[in-house]
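Take a look at the structure set out below.
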Amino acid sequence: MQPSNIQLNELVKDDIPRQFLFEIVVFLFNTYKSAHLYIKSEFGTTDEAKDLLPYFRRARIEQGIRLIAERHAKTNDTIKVRSERNGANNCSHNEIICGRVLITESCVDGPNEMVPYAAFRTTLAKDSQLELALCDNNFDGDFYYGIILHGALNPDTNYPSFVRLAFPNRDCKTYAGFVDLIDFCEFDVSMFSNVSEEVIDDKISEPEFRTDLQKQKEA
Amino acid sequence: MKLGTPNFNGERLREAREARCLKATVLAEKLGISKQAISQYENGIQTPKPEVMVRMSEILNLPFNFFLRESYPIEENIIFFRSLSSTTKITRVEARPKLKWLKEIVDYLRNFFVFPEINMPSITLDKNPIYLTAEEIEQIATQCRKYWGLGNGVISDTVLLLENNGVIVTRSELSSMKMDAFSEWSLNDNTPYVFLIANKNCAVRSRYDLAHELGHLVLHKSIRKTDFSLKSEFNLIEEQADRFAGAFLLPSETFTLDFSIPTLDVLRMLKEKWKTSIAMMIKRCENLGIIDKNYAKNLWISYYRRDWRKKEPLDDILPIEQPRFIRRCFETLIKENVQTKNDLIARLPFANDMEQLACLPKGYLSEQQVEKEPMPQFRTPPNSVIPNKQGKASIIPLNYHKVQSEQVNLLAEKVEI
């Protein structure tokens, strides 16, 4: 039986602090922008810049999410974070446990796009007790596996087009459901993308003569 | 009868000497007189001989009539010198007369202009401001922005914001590199003054200095000299003004959106947007709890390794905000033919200092004023070459008048011979 998105929403609400998710969303928006600017400043608009951007951004995102999680873990016992190497030992990823949910993150091309194959993800999905848990309210399983999906639909934009928490099925080939984190956190994208400048009007452009002097002048 | 200078004002001599950072002994040596003589001039016991006056005027770079000018009565309030602990006494001594001259200039301009109304947020406290907590200061800074109708975005021009609201701001040089800025709520005209020191030519620093001084003007308006005396108390009010500046320039609500995990590269890129230094942003992140002490420590280590303490990226690129109100008053007086440059020089005999204090371009007041009255024109003789066919004004060399006066002197000498 597939869980409904409402059930998933409840699960996230119960087990993951909203503030924690909010900070991750904000961080993702920041990092997309800053990584874009940094690569541009170092490599301009060359092909190498395009090649490097996703790697650089991923490193920043993994580092940043770990730091956010570590900070929250200091005040919240239900949050734990660890950095794991993959089987080939050529790449690392974070595994964050929030209550009953175990989270990793991935950048994908579209909001419904399946994450690329990775042995660790397949194992985590296989071990996830999601389907059992949502069928049986008394379930006392280990964890439910969720992946923070993010990505830019237009490669030229410097902010993510979507940020959602996706729950893969046990085969890790399809998703059981999603929670849109931008909605969930009530994150105002327009506020982020346009931190407006407070333009100060020039009210002193023409110093005003005193009225007595003005009259004298006119006379 | 001793030959002296009638109407000589010793107080003006002391002002001039202090403004030029000269000790009495040094000035005496330069003038070839005793230290006691300087003391007697300053205390009005004796007046200098004309030849001493001429030398004095040259050394102190102030016109003769400056020393004859009546004293300007000053009711001095507490002056907040930025980085007071590191500010040497001689710097503070130099700063005071300059602030006094600025007040005299403002006082003179008030004869002609309606100054912007003073529209400063006032806070009511039930305790000595020294005991304000960091959270309270954050709230006051937020209220301050709201009071002026500002949102949580980047303030485009902090100097203009303050000038619009009646604060007199100047940006002028001082001989000391140790001081950044100072401010005072003047008791003479109940007007806030901010004096930014122009020596460190850095836009983000200047903005920060102004916000820091605004912090003093808002938070510490009610403080009197007697309220604090210990160094720790001085440091405390400086820290409060720092906190205010951070909260005023980088509101937590929007600033945190940019700074979940700040790295030096991220901060470097955001410096242009927020118009604040990287150092200030690190400190603000720490104050807001976005980063912990260890992370901040690592950032500072990298910051020093990159040698950004001396000079940060973009420091010489971002434009410096300039005060404009006093400058515009002068320009308007001249443009509207209310006063000539010579009138102003005669009434306000502060020489080059006046241009600096009024933020006028160097040499503006000594430049020859273009006559507005149409001049009678000679008839053009037939077959003569008309210079400057495009009808543009010919440029008279700057030394033209000097040459002319030298020729006149030569002529006079010849006549005498």
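Rule-based calculations on the coordinates, nothing more; no lab input. Note that the coordinates shown come from a computational prediction; the quantities given were computed from them, not determined experimentally. Using ideal geometry, Cβ is built from the backbone for each residue, glycine included, and neighbour counts are taken over all protein chains shown.
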Problem set entry | Cα-based radius of gyration of the stretch A:84-128 once divided by 2.2 N^0.38 Å, which approximates compact folds | 1.21
For this session: Determine ³J(HN,Hα), in whole Hz, for all residues of the stretch A:91-103 in sequence, where each value follows from phi through the Karplus function 6.51 cos²θ - 1.76 cosθ + 1.60 and θ = phi - 60°; x replaces Gly and Pro.
Result: 7, 10, 8, 8, 10, 10, 9, 10, x, 9, 9, 10, 10
Seminar exercise, completed: The answer for GluC sites (Glu not before Pro) in the stretch B:22-124 that fall in a DSSP coil and have at most 10 neighbouring Cβ atoms within 10 Å is B:GLU70, B:GLU75, B:GLU117
For this session: Quick one: what are the phi-derived ³J(HN,Hα) couplings along the stretch B:343-349, Karplus 6.51/-1.76/1.60 with θ = phi - 60°, whole Hz, x for glycine and proline?
Result: 4, 5, 5, 6, 7, 10, x
Exercise. Which trypsin sites (Lys or Arg not before Pro) from the stretch B:74-175 combine a DSSP loop assignment with at most 15 other Cβ atoms within 10 Å?
Worked result: B:ARG110, B:LYS127
Problem set entry | Residue-wise HN-Hα coupling along the stretch A:162-170, computed from phi with Karplus coefficients 6.51, -1.76, 1.60 (Hz; x: Gly, Pro) | 8, 9, 9, 9, 9, 10, x, 6, 4
Seminar exercise, completed: Violations at 27 Å Cα threshold for listed pairs A:LYS50/B:LYS273; A:LYS80/B:LYS273; B:LYS146/B:LYS271 -> A:LYS80/B:LYS273
Exercise. Do any chymotrypsin sites (Phe, Trp or Tyr not before Pro) in the stretch B:121-167 lie in a loop, going by DSSP, with at most 10 other beta-carbon atoms within 10 Å of their beta carbon, and if so which?
Worked result: none
Exercise. Hey, what did the stretch B:37-192 get for relative contact order, percent, Cα under 8 Å, at least 6 apart?
Worked result: 38
Exercise. When Lys and Arg each count +1 and Asp and Glu each count -1, what net charge do the other residues less than 12 Å away from A:PRO17, Cβ to Cβ, add up to?
Worked result: -1
Exercise. Roughly what would the spin-label model give for B:TYR147 and A:GLU197, points 7 Å off Cα along C-beta, in nm?
Worked result: 2.6
For this session: Quick one: compute the contact order of chain A, relative version, from alpha carbon pairs under 8 angstrom and 6+ residues apart, as a percent.
Result: 20
